[in-house]
Every structure is written in C-alpha cells, then in structure tokens.
Amino acid sequence: MEEKRKGLLYRLYERMNNSKLLLCIRSSLIMLIPVLVIGSMALMLKSLPIEAYQQFIQSFGGGILENFLNLIYAATFHVLSLYVTLSVAICYTQQIAGDNKHTLGPVVSSLVAFVIMSGTLDNGVNLDTWNASGMFTAVVSSLLASYCYDIISKKMKKTIRLFTEGDDEIFRNTLGSLLPTAIVAILAAAFNALVMLCFDGNNLQMVFEYYLIQLFDNMGRNMGTVVLFEFLTQLMWFFGIHGNNVLEPVCENIFEPAMDRNQELLEQGLAATEIYSKTFLDTFVLMGGSGCVMCLLVAILVFSKRRNNRKLAKIAAIPGFFNISEMITFGLPIVFNPIFFIPYLLTPIVLALISSLAIQIGLVPIPIHHVEWTTPVLWSGYAATGSIAGSI
C-alpha cells in the first residue's frame, strides 16, 4: 500500500513537472531569484530595528548609505512586475514556442500587453502597477501575449522577405515579428476594452484588485480571513506564483491598517486590540518565508540523510533566517512537488492558530510595532511586541 501511494505521488509529480505551462511559470520565477534576493537583502539592511544602526545609515555621508539601499530596493521590488513579464515571455519562448530566433517578438508583445492591461497609461504615467501587486496581471498578460504571438507567427505562411544587399537574418526576423506584435497589441487593447465593458473597471489589474479586496473585506479582519489569506498564498506558491506579492493589495487594505489602529489606541492611552496585522503574519506565521520554511530547514538539517538536501539547507538557512525563502522553495524544489503540498499548505495555518491563541490568552502581547518582513526570525518577535515573549 505504501509503495502504491509513493508510486501515485511520483507519477503526479512527474506529470506536473512535465507540464510545459507550469514549467514555464516556475522557470520564470527561478530566473528572478537574484532580483528577489538582492532586493530583500537591501530591504533587510535598510530596516534592521536597531536604533543606533538606523541613526548611522541615516547620517552617514548625509544619508548616502540609506539612499543607496533605497535605490537598490526600488530597482528590484518597485518594478518587480516588469521583471516577471520579461521572464515569463522568455521562458515561454524557450520552452513552448521553441524558436529562439524570435525571442524578442514575444517579449515586446508581452510588454505592450502588460502596459495596456495594468493601466500604466490610464491617467498619465502610473508606475505603481509595476510593483509586486501587479504580478498577477504580469503573468496573465505575458502568457496570453506569448501564446497569441506564437500562434500568429506560426500561422503566417507568408513573411516579409527583403533581397537587398544589406539584408541580414536579424533584420528579416525583426520585420517578420512586426505583424504578429501589432496583432497582439490590438488583441490586448480589445481584451482590456472588454474588461472595462463587463466589469466597469479601467483595466484587468484594477478589476482583479477590486474583487480580491471585496472578498476579504466582506469577511472582516479575523481568524477566518487569516486562514483564507494564508491558504491562497501558499497555494499560489505551490504552483510557482509569488503568492505574497500577488495578494499584496489585500495586505495593504486589510492587514496593514490594523497596526495603524493599534498605534492610535496606544497614543490615546488605551490597550491595543487588533491581533491580525501584517506584522502578525510576518513575525509569527511566515518564519523563514512563505510556507514557514524555517521548519523545513530545521527538519532537513536534523533528520535528512541526503547529502545534497543538507547542503542546500545550509546555504538556504542564511537567507531563510531573514525570511527569504526562494532558494529552498525552488531549489529543493517545493514548487509542483505533491509530497510537500500538505505540510507547505497547513504549517502556516497551524502557526496562525497557535499564535492567535497565545495572544488571546495573554501569553504573548499583541504586536504594536511595525516590523519589516526581512527582520531576522526570533528578533522580529521581540521587535514587534516589545517583549521577550514575542521571541519565545
């Protein structure tokens, strides 16, 4: 029975791992690991909750060090959706279209589609949609644009051919991509117009954010909201989609105001009342990053006999200590691996329930200080609550 179960899981893993579409999404996120890690480390160095350290980086060279870290963080996370658009288009071309000569065509088409669907040009030039919250639109627009471009270019039997003395292969390929790119741009604009007509929104990104926030708004800010939020986050991660960034609008509208409310109560001399805040999730639920991979890292280092896994865990433990989980998530991998599906999905939910209970019965104070998600594990608990109980 055990062998049969293992065989079933293995076949499921192989089938998911051989899906070109899923592989494309996973590979595109793997390509972005340097961007994610560099941006995360810049944020960590910028926001360490040590008063003396903060004074140093703010005063050194007239704030040049702080500006330096802000610039690196902005150059990564503030345009993360742009990087996603590029990486998905490149991976789609290499893994599905299989025509590297026309790599630029799907990339340009995807960029055009993303700019249209994200609402970048709705009211002047708005680059807010290029940050982490636009990842859903980036993945959808890039996949659709790359697919359409691939189909159109393959269906075109006649291509523009020039027989001039200066003609070369790059020039022919570029002209050959002109018509498919134009058609994709028209289709993207038509799709966006349809979205506006059906949903009374300006673009796909706005519609996505509206209904996502409405779902959680109707539930209120409670334990059920936290469970649903974590379930959706880890489910997206399992399929290779950065769940935390896709659900960033929910954090901004549902969980971040909770900390502001606690601050207002403290200023009035009252006790904090809001348990479920973004700091609560970052500090007590996502230790080590998405899926609470710190638990997995400890389990591998203590129990695993596989040398490769132990070596990877040692390397991933350093960024994991700062809640950066991409290295272990994609390196092990956890993505598309059905063996890890249940623990990866349920561990954060169990931690949320335990942490909530600990706060409600008075073992741990309610988090009252804003703490960046890159604050080291255990330290973040003290920084958020002002009590050693937060770390314990």
Within region 50-64, can you find the residues that are open to solvent by less than 70 Å² (accessible area, probe 1.4 Å) and more than 21 Å from A383 (Cβ to Cβ)?
G61, G63
Please find, among G119, G39, the residue that is at pLDDT below 85, open to solvent by less than 10 Å² (accessible area, probe 1.4 Å), in contact with a helix residue (DSSP H, G or I) (Cβ under 8 Å, 6 or more places away or on another chain) and more than 18 Å from S177 (Cβ to Cβ).
G119
Give me a count of the residues in region 278-306 that are small (G, A, S) and in contact with a His (Cβ under 9 Å, 6 or more places away or on another chain).
1
Complete set of residues in region 57-71 that are closer than 21 Å to V37 by Cβ and either among the hydrophobic types (A, V, I, L, M, F, W, C) or in contact with a strand residue (DSSP E or B) (Cβ under 9 Å, 6 or more places away or on another chain) (or both)
I57, L65, F68, L69, L71
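Residues are listed down the side, and each one gets a yes or a no for (1) modelled with pLDDT under 90; (2) under 22 Å from V108 (Cα atoms); (3) open to solvent by 60 Å² or more (accessible area, probe 1.4 Å):
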site: S27; (1), (2), (3): yes, yes, no
site: I30; (1), (2), (3): yes, yes, yes
site: I33; (1), (2), (3): yes, no, no
site: S47; (1), (2), (3): yes, no, no
site: A75; (1), (2), (3): no, yes, no
site: L82; (1), (2), (3): no, yes, no
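The values are calculated or read from the model by the stated rules, or taken from the named source; none is laboratory data. No experiment lies behind these values; they were computed from the predicted model shown. In this analysis, Cβ positions are derived from the backbone assuming ideal geometry, glycine residues included, and neighbour counts consider all displayed protein chains. To get the accessible areas, we keep the full protein, side chains included, count just its heavy atoms, and leave off ligands, DNA and RNA. Shrake-Rupley method; radii C 1.70, N 1.55, O 1.52, S 1.80 Å.
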